[in-house]
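The values are calculated or read from the model by the stated rules, or taken from the named source; none is laboratory data. In this text, all values refer to a predicted model and were calculated from it rather than measured experimentally. Neighbour counts are summed over all protein chains in view; Cβ atoms, including those assigned to glycine, are modelled from backbone coordinates with ideal geometry. Each accessible area value is taken on the protein alone, full model and side chains, heavy atoms only, with ligands, DNA and RNA left out. Shrake-Rupley method; radii C 1.70, N 1.55, O 1.52, S 1.80 Å.
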Amino acid sequence: MNRTKIFWGIALISLSVLMLELSLTRLFSATMYYHFAFMAISLALFGSGASGVFIYIVQNKLPAAKTGQWLSLAAMLYALSVILALYIIFTNPLTLNDVSENYQRLVKVYLATSLPFFFAGCAITLAITRLAKDISRLYLFDLAGAALGCLLLIPVLNSIGAINTVIAVSAIASVAAILFSLAPTGNRLAMVCAIVLTLGLTGFAIYNTRTHKIDIHQSKGMEETKVLFSKWNSFSRITVEGDMKEGIEIKIDADAATGIVPDGANPERHQGQRQSITGLAFHLKPDANVAIIGPGGGYDVATALVFNARHVTAVEINPIIARDVMSSPPFNSYNGGIYQHPKVQLEVDEGRSFVRRSADRYDVLQASMVDTWAATAAGAFSLTENNLYTVEAFEDYARHLSADGILTMTRWYFEPPDQLLRLLTLSRVMMNDLHITNPARHVILVRDVSSNSDRTPATYLFKKSEFTDDEVKKIEAVAAQNKFQLLYTPLTQPDNVFTKMMTAQDAATVWQGFETNVNPTYDNNPFFFNSIRLSNLSRALTGVGEWQKTNLGTFVLFALFAITSILVLLFIIGPLIFVRSRALTGNKQGRMAYLFYFACLGAGFIIVEVAMIQKFILFLGHPVYSLAVVLFSLLTFSALGSYWSGRFNEAHIKTTVVKLIGTLIALVFVYILVLPPIFYGLVWLPLPARILIAVVLMAPLAMVMGMPMPIGIKMLSKSAPQIIPWAWGVNGATSVMGSVGALVIAILTGFNQALMIGAALYFLALLLSRKFRASAADVEETLREPVSANA
């Protein structure tokens, strides 16, 4: 029977599901705080696992002769539920007033968001159940569709934004419904309904792209007013708000903000910046060669020009800020064309990646308040990571300073002052690694106390050579003139935690004694903003202000891991055991081995995926590049691996599975060892070359990762075909749990350790595969249940 149309329909479903998941991450980050964003996505994805439960229970009530019709119906319900979810999201915005009302609204959003994933999961699960004997080809189309979705996601988000991408996803799903209806087991009525739905949703997508009738007007409990500009890309929603006469600012996902400097190219207008705490380094380094990471609205650039910097390299990661706002009308006129100033060189790049590749040495390397609480398209979990603030990053910065150059960073001071303390712990380890002696002479820390706010800016200065007494006295004089507070200098050492950190013979004894976690962060676990200890996790609920904001996400992550673990047991395994316990008759041990095998594959695959995306960020220079390249490579080569697995000799399939999984485990450990030197040795190459290298590096691992799943389904189709939906549901549920677990492991230990846990799960799957059986008695028994493999 011709199954090609079903294969292509599944490819479109997988394509649209991946695009929906990541565009919803963007949408949630723009409308809710980031910890709610990743919770919404994770719980919504449980719809995919729940669909396995549902299909398992009702499969005998879905005649095989009408498989195309059921697939078409599931795809149409998927398309319609996407629009319903969008409606629920916009009609249930979070508020700042009524907490109980927020909980009710979040429940509505979570439930509505789970529906599209449930119906899409029903389509995929039913297709796998009915086409189990052709699983190698089906899984090929499934993964290839997701790979194409990954490839399309970034340009589509950049072009039409998250809202219209979600609408477009619904139209793609309806096209899949047409394909299913055209299969031999479809019918004309389903085809007509699917065509009408496709035309309607396509027209809706085009209409909203042109008119923006459905758009964000309230975000994170606040109405958006005086919006002068709004644009999406794959990792942010940028707005410009305010009044061109009174002042305007750039907002990233309605939260992180940077003011736009008026007439910034005119130093005479901004002489007041000489008194700014962010400009302290320039009092020691006028006429400097300057690199500024995250210049945003241009105030740091203007300050450098006020101090007559001879050259300023401004490295801005967000192209919308750099090009569409700061370099385009009307805002370039407002800012005086500061990024077009003859002394200014604008680079659109990730700051640390640019510094690592640069051949220059800088007199001043500056990063002021560089962070964002916006979820990238790599997934909302990446918000807790920041590769700018790690020991390796500080070593990169120090190596790119001139002999007496200064690294200056401005962060918020609030109690407890974790961020500032962590800057000092990073400095102590960096200086030790670079054999810089007498660390107490290399650092200055100053706080602006001019406001009565609980959150005030503080500036950290690190000098590659020792600060001279005259330099220290000059900074202290500027501080006294502007009523800044000296937290630490080589000459003024108050009795505080900063002095203890800088003067201790063994700094580790100091940071390990703090109630909060200010241990140095590394590239392996770059969670700079996570300062809550696991032993005191509940404190995130009782903390206040900025400290709570930066740590609440960690609490939600651990809570989500517990929730997903419980849901795996209650909503996936529990109902199946009690409702269809007869599925375990006969070879009970072998069939349970299948279930746990698929559970290990689901968790292992996603943990390796998350860790590899993180590890490639520094090499490719941007989280979005890493997401696109790693995920596309992983899905594409896994699809090829799936197809290739169909050629294995079935007589030796159990031995083949053991060899494949053993190879996969070995590759994971090889990658842990060889990737860092490869990345550091080749980071200077242009981006296209680095992308090609990344694809080549991912290919062997991805190819092998694509094989255990279809082989397992094929063996299950012979031994116990009726539990295929159950196995698929367990795999989907543990994938969600694994995505959260990967971050939990990384926070506690690191991403290398997460890769090791992923390898350990594959090893467990290897042991379980040795219990698989497909005896004649098993096959005879399963044939008593009316499950068809024909579509």
What number of residues within segment 236-279 satisfy the criterion of being more than 21 Å from Val370 (Cβ to Cβ), charged (D, E, K, R) and either in a loop (DSSP other than H, G, I, E, B) or touching a helix residue (DSSP H, G or I) at 6+ places or on another chain (Cβ under 7 Å) (or both)?
4
As an exercise: evaluate Phe38 against (1) under 19 Å from Asn731 (Cβ atoms); (2) surrounded by 24 or more Cβ atoms within 10 Å (Cβ to Cβ); (3) at pLDDT below 85 and give the number of the one condition it does not meet.
(1)
Do we find that Leu423 is crowded, with 17+ Cβ neighbours inside 10 Å, at pLDDT below 95 and of a type in the set (A, V, I, L, M, F, W, C) in this structure?
no
Please give the number of the condition Gly641 fails out of (1) crowded, with 24+ Cβ neighbours inside 10 Å; (2) more than 23 Å from Ala760 (Cα to Cα); (3) of a type outside the set (D, E, K, R); (4) at pLDDT 90 or above.
(2)
Might you check whether a residue that is closer than 22 Å to Leu20 by Cβ, open to solvent by 40 Å² or more (accessible area, probe 1.4 Å) and in contact with a strand residue (DSSP E or B) (Cβ under 9 Å, 6 or more places away or on another chain) occurs anywhere in segment 160-168?
yes
Hey, does segment 457-480 have a residue that's open to solvent by 20 Å² or more (accessible area, probe 1.4 Å), modelled with pLDDT of 95 or more, touching a Lys or Arg at 6+ places or on another chain (Cβ under 9 Å) and of a type in the set (A, V, I, L, M)?
no
Suppose we keep only residues that are in contact with a Gly (Cβ under 7 Å, 6 or more places away or on another chain) and either at pLDDT 95 or above or in a helix (DSSP H, G or I) (or both) within segment 317-335. Which one would you say is nearest to Asp243 (Cα to Cα)?
Asn335
Scope segment 432-455; condition hydrophobic (A, V, I, L, M, F, W, C) and either surrounded by fewer than 20 Cβ atoms within 10 Å (Cβ to Cβ) or in contact with an Asp or Glu (Cβ under 8 Å, 6 or more places away or on another chain) (or both); matching residues:
Leu434, Ile436, Ala440, Val449
Only one of these is open to solvent by less than 10 Å² (accessible area, probe 1.4 Å), at pLDDT below 80, more than 28 Å from the chain's Cα centre (by Cα) and of a type outside the set (A, V, I, L, M, F, W, C): Gly553, Gly574, Gly590, Gly586. Name it.
Gly590
Report yes if some residue within segment 654-665 is among the β-branched types (Val, Ile, Thr), more than 14 Å from Tyr762 (Cβ to Cβ) and at pLDDT 95 or above; otherwise report no.
no
Among the numbered conditions (1) at pLDDT 95 or above; (2) surrounded by fewer than 23 Cβ atoms within 10 Å (Cβ to Cβ), tell me where Tyr488 comes up short.
(2)
Can you name the condition, by its number, that Ile532 falls short on among (1) surrounded by 22 or more Cβ atoms within 10 Å (Cβ to Cβ); (2) under 17 Å from Val391 (Cα atoms); (3) not charged (D, E, K, R)?
(2)
Being closer than 27 Å to Gly621 by Cα and either modelled with pLDDT under 95 or open to solvent by 10 Å² or more (accessible area, probe 1.4 Å) (or both) is the filter here; which residues of segment 299-309 pass it?
Tyr299, Asp300
When you scan segment 98-123, how many residues do you find that are within 25 Å of the chain's Cα centre (by Cα) and either touching a residue at least 24 places away in the same chain (Cβ under 8 Å) or open to solvent by less than 10 Å² (accessible area, probe 1.4 Å) (or both)?
13
What pairs come up if the first residue lies in segment 207-235 and is free of Cβ contacts under 8 Å to residues at least 40 places away in the same chain, the second is surrounded by fewer than 14 Cβ atoms within 10 Å (Cβ to Cβ), and their beta carbons are under 6 Å apart, counting only those six or more places apart or on different chains?
Glu224/His217
Residues of segment 280-302 being in a loop (DSSP other than H, G, I, E, B) and of a type outside the set (Lys, Arg), in sequence order, are Pro286, Asp287, Ala288, Gly294, Pro295, Gly296, Gly297, Gly298
